[in-house]
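Only one structure is covered here, and it is reproduced in the block below.
The values are calculated or read from the model by the stated rules, or taken from the named source; none is laboratory data. What you are looking at is a predicted structure, and each value in this text was computed from that prediction instead of being measured. Cβ placement follows ideal geometry from the backbone for every residue including glycine, while neighbour counts extend to all protein chains displayed. SASA here: full protein model, heavy atoms, side chains in, ligands and nucleic acids out. Shrake-Rupley method; radii C 1.70, N 1.55, O 1.52, S 1.80 Å.
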Amino acid sequence: MKKKLALLLACTMAFGLTACGGGGTAATTAAPAPTEAATEAATEAPAGDKKEETEAASEAAGGMDALIEAAKAEGELTVYGSCEEEYLSLACQNFEKLYGIKTKFQRLSTSEVYTKISEEAGKPSADVWFGGTTDPYNEAVADGLLMEYEAENAVNLISDDYKDPTNCWYGIYKGILGFMVNTEELERLNLEAPRTWDDLTKEEYQGLIMLSNPNTAGTAKLVINTMIQMRGHDEAMEYFKALDKNINQYTKSGSGPSKMVGPGECVIGIGFLHDGIYQILQGYDNIELIVPEDGTSFEVGATAIFNGCTHPNAAKLWIEYALSPDCVDHAKEAGSYQFLVLSNAAQPEEATRFGLDMNNTIDYDFEDAKANSAKYVEDFFEALGSSADSRFKTE
């Protein structure tokens with residue numbers, strides 16, 4: 001019998017900051033290990049070059065040691081996280097265990113973090129941002145809300161596409177945008193699964209689809225930007241007017257639709273397919289993952305430092321940590337199955353097992369998204385007009 005009872009994630013919106021437990025001092029903990037590429041280069045280099053590279057490596061290690069000591073002297077770190085709370089909690093607990101730095105965290109959607117930090121006007125209530133799609137990060141860059149930091153562990157990124165050109169954010173994972181459908185419900189309704197974005201506007205799907213709220217979720221902002229980049233602005237707005245007729249609810253969180261597909265509260269959910277993988281592995285074998293045949297885009301889950309933060313050295317150490325296997329290799333332990341964008345990380349086999357390809361996406365224009373996301377969201381709501389009603393959830 002297919003699983004029908006809701007096995008929802010144990011992550012509700014935190015109204016206060018959560019402290020990580022079990023943090024020790026770990027005085028002998030070293031910095032993240034040198035990359036494999038750096039080790040090979042040192043081995044293969046001519047004797048004269050080896051001396052220079054050894055000296056450079058020694059200076060880098062000394063710099064990291066100094067950063068660790070300075071971070072420990074600050075003694076605290078506050079993290080706003082926009083990934084799922086299980087991953088956020090695990091990452092913070094591990095950071096505290098490694099470095100003995102008291103680490104507090106709060107889970108907020110990316111648009112909520114952006115709004116909160118904007119309102120705090122250079123006096124942020126947290127030090128770093130962790131996880132969540134980069135469109136709101138890019139808005140924060142444009143507003144001068146994120147600190148430039150040249151991270152040593154950024155050498156592990158598989159491409160410069162996964163970092164901000166001014167070093168204001170760094171990517172840690174990549175998620176593919178698509179559809180999750182309840183196969184049992186589609187069979188009961190005698191409906192075929194949608195295979196393209198245009199399919200979602202068919203009359204037969206009226207009231208069966210869920211998408212997130214672009215006022216609270218970066219996922220929905222990405223959907224808006226994706227349609228504009230694939231179709232052009234005006235055609236995209238007409239598309240959203242047609243799609244809106246079939247939307248049952250716009251959830252607060254980008255992962256909201258994925259959590260409702262398996263139990264049958266939602267027949268078709270639009271979101272990141274790694275969220276669907278988590279639900280399938282929880283026992284919902286009535287979920288099918290669909291990569292749109294007419295093209296799709298992706299998120300880069302990022303991490304960044306807030307300008308004017310209280311603990312800048314601990315924040316910099318967090319960035320180095322987030323860009324290392326010490327952090328990202330543990331993601332799947334918390335049910336996060338995104339593709340990792342670090343060369344020295346261990347890719348979760350679950351993503352490829354379900355047929356996902358991290359490179360089968362459009363060439364997403366981050367600069368256009370950075371410059372225009374806020375305006376595009378306004379245009380989205382203007383296009384929907386009176387349809388912008390109670391279906392848009394903020395709690």
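A compact table of results
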| quantity | calculated |
| --- | --- |
| Checking D275 against (1) in contact with a Gly (Cβ under 9 Å, 6 or more places away or on another chain); (2) part of a loop (DSSP other than H, G, I, E, B); (3) open to solvent by 10 Å² or more (accessible area, probe 1.4 Å), the condition it does not meet | (2) |
| Helices (runs of 4 or more DSSP H) contained in region 306-374 and holding at least 2 residues closer than 25 Å to K116 by Cα | 312-322 |
| Whichever residue in region 178-200 is assigned to a loop (DSSP other than H, G, I, E, B), in contact with a strand residue (DSSP E or B) (Cβ under 8 Å, 6 or more places away or on another chain) and open to solvent by less than 50 Å² (accessible area, probe 1.4 Å) and, among such residues, is nearest to G295 (Cα to Cα) | P194 |
| Qualifying positions in region 121-162 - among the polar types (S, T, N, Q) and open to solvent by 10 Å² or more (accessible area, probe 1.4 Å) | S125, N153, S159 |
| Members of region 85-104 that are part of a strand (DSSP E or B) and either without any contact (Cβ under 8 Å) to a residue 40 or more places away in the chain or open to solvent by 10 Å² or more (accessible area, probe 1.4 Å) (or both) | K102, K104 |
| Out of G276, G308, G271, sole residue that is farther than 30 Å from A371 by Cβ and either in contact with a Ser or Thr (Cβ under 8 Å, 6 or more places away or on another chain) or modelled with pLDDT of 95 or more (or both) | G276 |
| Single residue of S82, S118 found to be touching a residue at least 12 places away in the same chain (Cβ under 8 Å) and either among the aromatic types (F, W, Y) or open to solvent by 40 Å² or more (accessible area, probe 1.4 Å) (or both) | S118 |
| Selection from region 302-335 of residues that are farther than 15 Å from Y149 by Cβ, open to solvent by 10 Å² or more (accessible area, probe 1.4 Å) and in contact (Cβ under 8 Å) with a residue 40 or more places away in the chain | T310, P325, D326, H330, E333, A334, G335 |
| Search result, residues across region 340-355 that are in contact with a helix residue (DSSP H, G or I) (Cβ under 6 Å, 6 or more places away or on another chain), surrounded by 22 or more Cβ atoms within 10 Å (Cβ to Cβ) and of a type outside the set (V, I, T) | L340, L342 |
| Which numbered condition E293 fails, given (1) open to solvent by less than 50 Å² (accessible area, probe 1.4 Å); (2) under 30 Å from G262 (Cα atoms); (3) in contact with a Lys or Arg (Cβ under 6 Å, 6 or more places away or on another chain) | (1) |
| Qualifying residue in region 155-169 (condition: closer than 26 Å to T303 by Cβ, part of a strand (DSSP E or B) and touching a helix residue (DSSP H, G or I) at 6+ places or on another chain (Cβ under 8 Å)) | yes |
| Criterion violated by S255 - all others in (1) at pLDDT 95 or above; (2) within 26 Å of L340 (Cβ to Cβ); (3) of a type in the set (S, T, Y) satisfied | (1) |
| Any hit, region 227-240, residues being touching a residue at least 24 places away in the same chain (Cβ under 8 Å), among the basic types (K, R) and under 14 Å from F380 (Cβ atoms) | no |
| Selected residue (criterion: surrounded by the fewest Cβ atoms within 10 Å (Cβ to Cβ)) from residues of region 241-272 that are of a type outside the set (S, T, N, Q) and assigned to a strand (DSSP E or B) | I247 |
| Check on L222, touching a Leu at 6+ places or on another chain (Cβ under 7 Å), assigned to a helix (DSSP H, G or I), more than 26 Å from L108 (Cα to Cα) and open to solvent by less than 30 Å² (accessible area, probe 1.4 Å) | no |
| Positions within region 205-219 being surrounded by fewer than 22 Cβ atoms within 10 Å (Cβ to Cβ) and within 28 Å of K116 (Cα to Cα), in sequence order | N215 |
| Count - residues of region 357-377 that are loosely packed, with under 11 Cβ neighbours inside 10 Å and at pLDDT 95 or above | 1 |
| Filter pass, T216 being part of a helix (DSSP H, G or I), among the hydroxyl-bearing types (S, T, Y) and within 21 Å of the chain's Cα centre (by Cα) | no |
| Residue among E288, E238 that is open to solvent by 10 Å² or more (accessible area, probe 1.4 Å) and outside any helix (DSSP H, G or I) | E288 |
